[in-house]
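Engineer: One structure, pasted below without further comment.
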Amino acid sequence: MKNIIPRIAAVHDLSGVGRCSLTVVIPILSVMGMQVCPLPTAILSTQTGVFTGYEFIDMTKHMPRFVNHWKSLDLTFDCIYSGFLGSEKQISIVADFIESFRTENQLIVVDPVLGDNGKLYETFKEEMVIKMRELIRLADVITPNLTEAAFLLGKSCPNTIETSEIKAWLLELSAKGPKTVIITSVPDWDNPHHTSVVAYDALLNRFWKVTCDFIPTSYPGTGDVFTSVLTGSILQGDSLPIAIERAVQFVSMAIRTTFGYQAPPREGVLIEKILHNLRVPVTSSNYEIL
């Protein structure tokens, strides 16, 4: 039976303070008309990027129980969307979940959270990279940042990258399984004041690029915001370049809004101020064919 409202299984952690993971995934996709069914990987008192002394509850042993209960209810999902995974065992659980619940015309989105700024996150070892390479084979869409793309390919992360090289990276990642590869946080080779999102659509054999202004600040959770808007846009029927455009515009607006209010960066972007914009279609576009 077809779901009345598009249903998304969201495999992410839940942080009580610090807008990231499920605390941005749920409101964004709900505003976009989707039902979000969380499969929590961990529950934390705060996000881990800046806060210290946080409480952490590992949900690894509970995740298969969630999955088994959903299976007993004969639930179907229009999309399975995974983000931060805390261990190699959790990656295996998510892979089994995808295999068990895969249906025709389903969207599988994997945000392969591994690191940033050329380094793995402190809690991750090389084993996580190896397992994540296996998980992306099951995905339709992956959204690594430049650092994560480099780790998935076994390359060093460059400070700058030419058009021909980033296109080669996109092709190499797509050859591992996903039909759509989107790399975020790519330094713009034409303008150091810009940053770019680049993408490859294997079905059309086409490359895309969306550019935005670089703002000299950093907030946790912006990757979760980007992939959530992108996922909702695709499920709404937007083309890939328009979906990327919507996600880039929303993240840029969120960063500018938060920066303008001088809000504490550790609490993430002020999505509450701009969520209503997700109900408005894109009125301008600057995507390029790469």
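Engineer: Collect the residues in the stretch 109-127 that are assigned to a strand (DSSP E or B) and surrounded by 23 or more Cβ atoms within 10 Å (Cβ to Cβ), keeping them in residue-number order.
Structural biologist: Here is the first cut: in the stretch 109-127, the residues assigned to a strand (DSSP E or B) are 109-110, 115-116, 119-120.
Those that are assigned to a strand (DSSP E or B) and surrounded by 23 or more Cβ atoms within 10 Å (Cβ to Cβ): VAL109, VAL110.
Engineer: From the set of residues in the stretch 1-45 that are touching a Phe, Trp or Tyr at 6+ places or on another chain (Cβ under 6 Å) and open to solvent by 20 Å² or more (accessible area, probe 1.4 Å), which is nearest to LEU75 (Cα to Cα)?
Structural biologist: Only one residue tops the list, namely ARG7.
Engineer: Continuing with this model, one more query. Return yes or no: is ILE108 under 13 Å from the mean Cα position of the chain (by Cα), of a type in the set (A, V, I, L, M, F, W, C) and closer than 14 Å to SER82 by Cα? If you could, list the steps in order and put the result at the bottom.
Structural biologist: Details: under 13 Å from the mean Cα position of the chain (by Cα): yes; of a type in the set (A, V, I, L, M, F, W, C): yes; closer than 14 Å to SER82 by Cα: yes.
Judged against the criteria, ILE108 is a match.
Engineer: Would you mind finding the one in LEU135, LEU75 that is of a type outside the set (Lys, Arg), under 16 Å from the mean Cα position of the chain (by Cα) and either assigned to a loop (DSSP other than H, G, I, E, B) or modelled with pLDDT of 95 or more (or both)?
Structural biologist: On the way: LEU75 fails: under 16 Å from the mean Cα position of the chain (by Cα).
After applying the criteria, what remains is LEU135.
Engineer: Considering only the stretch 248-290, state which residues are open to solvent by less than 50 Å² (accessible area, probe 1.4 Å) and on the phi > 0 side of the Ramachandran plot.
Structural biologist: GLY268
Engineer: Another question about this same structure. Kindly indicate the residue of the stretch 25-71 that is outside any loop (DSSP other than H, G, I, E, B) and of a type in the set (D, E, K, R) and also nearest to the chain's Cα centre (by Cα) among those meeting that condition. Outline the logic, then answer.
Structural biologist: Just the residues of the stretch 25-71 that are outside any loop (DSSP other than H, G, I, E, B), to begin with: 25-31, 35-38, 42-46, 56-58, 63-71.
After this cut, where a residue has to be of a type in the set (D, E, K, R) as well, the list is 58, 65, 71.
Details: ASP58: 21, ARG65: 25, LYS71: 25 Å.
It comes out as ASP58.
Engineer: Which one of these does LYS89 not meet: (1) over 20 Å from LEU14 (Cβ atoms); (2) open to solvent by 20 Å² or more (accessible area, probe 1.4 Å); (3) assigned to a helix (DSSP H, G or I)?
Structural biologist: In the conditions (1) over 20 Å from LEU14 (Cβ atoms); (2) open to solvent by 20 Å² or more (accessible area, probe 1.4 Å); (3) assigned to a helix (DSSP H, G or I), LYS89 misses (1) alone.
Engineer: List the number of the failed condition for VAL50; all other conditions in (1) open to solvent by less than 50 Å² (accessible area, probe 1.4 Å); (2) over 28 Å from LYS179 (Cβ atoms) hold.
Structural biologist: Result: VAL50 passes all but (1).
Engineer: Further, regarding this structure: If the Cβ limit is 6 Å and pairs must be 6+ apart or interchain, which residue in the stretch 256-271 that is acidic (Asp, Glu) pairs with which residue that is modelled with pLDDT under 95?
Structural biologist: GLU267/GLY18
Engineer: Residue check: is ALA175 at pLDDT 95 or above, surrounded by 23 or more Cβ atoms within 10 Å (Cβ to Cβ) and not β-branched (Val, Ile, Thr)? Steps first, please.
Structural biologist: On the way: at pLDDT 95 or above: yes; surrounded by 23 or more Cβ atoms within 10 Å (Cβ to Cβ): no; not β-branched (Val, Ile, Thr): yes.
Taking the combined requirement at face value, the residue does not satisfy it.
Engineer: Collect the residues in the stretch 69-80 that are surrounded by 12 or more Cβ atoms within 10 Å (Cβ to Cβ) and out of contact with any strand residue (DSSP E or B) (no Cβ under 6 Å at 6 or more places or on another chain), keeping them in residue-number order.
Structural biologist: Taking the stretch 69-80 as the starting set, the residues that turn out to be surrounded by 12 or more Cβ atoms within 10 Å (Cβ to Cβ) are 70-71, 75-80.
Result: TRP70, LYS71, LEU75, THR76.
Engineer: Can you pull out the residues in the stretch 232-290 that are outside any helix (DSSP H, G or I) and closer than 24 Å to LEU14 by Cβ?
Structural biologist: The first filter runs over the stretch 232-290 and keeps only residues outside any helix (DSSP H, G or I), leaving 236-239, 262-264, 268-270, 274, 280-290.
Passing the criteria: ALA263, PRO264, GLY268, VAL269, LEU270, ILE274.
Engineer: Still on this structure, please answer the following. Please list, ordered by first then second residue, the pairs with beta carbon atoms under 6 Å, 6 or more apart or interchain, first in the stretch 88-104 and more than 15 Å from PHE77 (Cβ to Cβ), second of a type in the set (Ser, Thr, Tyr) and surrounded by 12 or more Cβ atoms within 10 Å (Cβ to Cβ).
Structural biologist: LYS89/THR60; GLN90/THR41; GLN90/THR60
Engineer: Let me ask you something else. Of all residues being within 13 Å of ARG246 (Cβ to Cβ) and of a type in the set (Gly, Ala, Ser) in the stretch 264-288, which is modelled with the lowest pLDDT? Just the residue, please.
Structural biologist: Checking each candidate, the answer is SER284.
Engineer: Among the residues of the stretch 182-233, write down those that are open to solvent by 10 Å² or more (accessible area, probe 1.4 Å), among the aliphatic types (A, V, I, L, M) and more than 15 Å from the chain's Cα centre (by Cα).
Structural biologist: ALA202, LEU203, LEU204, ILE215
Engineer: Hey, any hits in the stretch 146-160 for a residue that's closer than 30 Å to MET1 by Cα, open to solvent by 10 Å² or more (accessible area, probe 1.4 Å) and among the small types (Gly, Ala, Ser)?
Structural biologist: Kept after step one, since they are closer than 30 Å to MET1 by Cα, are these residues of the stretch 146-160: none.
So far as the stretch 146-160 goes, no, none of its residues is closer than 30 Å to MET1 by Cα, open to solvent by 10 Å² or more (accessible area, probe 1.4 Å) and among the small types (Gly, Ala, Ser).
The values are calculated or read from the model by the stated rules, or taken from the named source; none is laboratory data. Quantities reported herein were computed from a predicted structural model and do not represent experimental measurements. Cβ: placed from backbone, ideal geometry, glycine included. Neighbour counts: every protein chain shown. We work out accessible area using only protein heavy atoms, side chains counted, and drop any ligands, DNA or RNA first. Shrake-Rupley method; radii C 1.70, N 1.55, O 1.52, S 1.80 Å.
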